[in-house]
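The values are calculated or read from the model by the stated rules, or taken from the named source; none is laboratory data. Quantities reported herein were computed from a predicted structural model and do not represent experimental measurements. Positions of Cβ are backbone-derived with ideal geometry, glycine not excepted, and every protein chain shown enters the neighbour counts.
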Amino acid sequence: MLEYITDHYIFTYKEMSLAEKDIKLIAKEQENCFQRICSVLKINFFDKIHYYLLDSPEEVGKLYGDNEPINGFAVWGENKIYAVYNDDIKCIGPHEDTHLISFAINAPKSDFIVEGLAMYFDEKWWNVDNDEWASYYKNVIHELSICKLLDNQQFDMYGCEITYPIAGAFTKFLIDKYGINKYLLLYKYDGTDYGDAIKDIYGHSALQIEIEFWNKIESVDFNQIMLKSLLEKYK
C-alpha cells in the first residue's frame, strides 16, 4: 500500500490502482472540501484524516463489518474514511469528511440531522440537486413528514435515496433562512426531542417550519422521467 500525505489527510491506496494515478486530483478535492466544511461550521480541526481508497464496494463492505457492498463510510472517533475509487465509483467529496469533522461539534442522536449536514455539503444525490429530489418525493410520497423523519425509527423506514436528499434540502433551508449560528445550536443539541429543540432555537414549532420548507420545495421543478430512470438504474 502507498501513502500520500497532505496538510489534513493521509491517503492510503494500492500500487497501480486508479487512485494512485489520480491521487493529486483526489487530494486537491478533499483539501478543498476540508476548508469549506471547517469554514462553514466555524471550527478548527487539527487531526489528520486517514483516507483509505479501495477498489470495490465489496472490499469496503468487509471492512464495514457486515460484508454488504458499500461505497464508503467514516469511523467516528478514529478519523478514518474507507471509500471506493474505481472507474465507475469515485466516493470522494465532502460527505464522509463532514461526518468526521462535525464530530468535533457533536454526534447528534438523529440520523436525519447527521446525514442532512453531510448532504448539505454534497448538494446533490446522483448528480441531481437535493431540492429537486425533495420536490419529487413529496409529489409521490404524500405522507412524508420531516417531524417524523427526525426520529431514527421513522428515518429507517425509507431508503437512503429518499431520506438523504430530503435531509440535505431541509438543512439547506434552515441555514439559508435562519443562519448558520442557529443551525449549529440545533446540531449541538444532545437530546432526542427535536421538536422541542427546534421550537426553542427557532421560535417556531417543528411543524410550522416543516410547512415553510415544503411550501418552498413545491416551487422547485423536477424532471420526473429522469429521476424515475435514476431510481431504476441504481436501486
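Residues in the range 34-63 that are surrounded by fewer than 16 Cβ atoms within 10 Å (Cβ to Cβ) and of a type in the set (F, W, Y): F46 only. Is it the case that I70 is in a helix (DSSP H, G or I), closer than 29 Å to D151 by Cα and of a type in the set (A, V, I, L, M)? For I70, the condition - in a helix (DSSP H, G or I), closer than 29 Å to D151 by Cα and of a type in the set (A, V, I, L, M) - is not met.
The sole residue among A197, A206, A134 that is touching a Pro at 6+ places or on another chain (Cβ under 7 Å) and over 25 Å from N79 (Cα atoms) is A134. When I70, I10 are checked against the criterion of being more than 18 Å from the chain's Cα centre (by Cα), outside the structural domain of D190 (by TED's automatic domain parsing) and among the β-branched types (V, I, T), I10 stands alone in meeting it.
Of a type in the set (K, R) and more than 20 Å from the chain's Cα centre (by Cα), is that true of K42? Outline the logic, then answer.
Details: of a type in the set (K, R): yes; more than 20 Å from the chain's Cα centre (by Cα): no.
In short, no.
With the condition being surrounded by 13 or more Cβ atoms within 10 Å (Cβ to Cβ), among the hydrophobic types (A, V, I, L, M, F, W, C) and free of Cβ contacts under 8 Å to residues at least 40 places away in the same chain, I'd like the helices (runs of 4 or more DSSP H) fully within the range 183-235 carrying at least 3 qualifying residues. Lay out the reasoning, then the answer.
Working: elements: 194-202, 206-217, 224-234.
Here the list reads 194-202.
Evaluated against (1) over 30 Å from I180 (Cα atoms); (2) small (G, A, S); (3) in a strand (DSSP E or B), A19 falls short on exactly one condition, (3).
Counting the residues of the range 192-220 that are in contact with a Lys or Arg (Cβ under 8 Å, 6 or more places away or on another chain) and either modelled with pLDDT under 95 or among the aliphatic types (A, V, I, L, M) (or both) gives 5.
When L63, L53 are screened for being assigned to a strand (DSSP E or B) and hydrophobic (A, V, I, L, M, F, W, C), only L53 passes. Quick one: in the range 88-98, which of the residues that are out of contact with any strand residue (DSSP E or B) (no Cβ under 7 Å at 6 or more places or on another chain) and touching a residue at least 40 places away in the same chain (Cβ under 8 Å) is nearest to I23 (Cα to Cα)? By that ranking, first place goes to G93.
The number of residues in the range 99-131 being in contact with a strand residue (DSSP E or B) (Cβ under 9 Å, 6 or more places away or on another chain), at pLDDT 95 or above and over 25 Å from L230 (Cα atoms) comes to 3.
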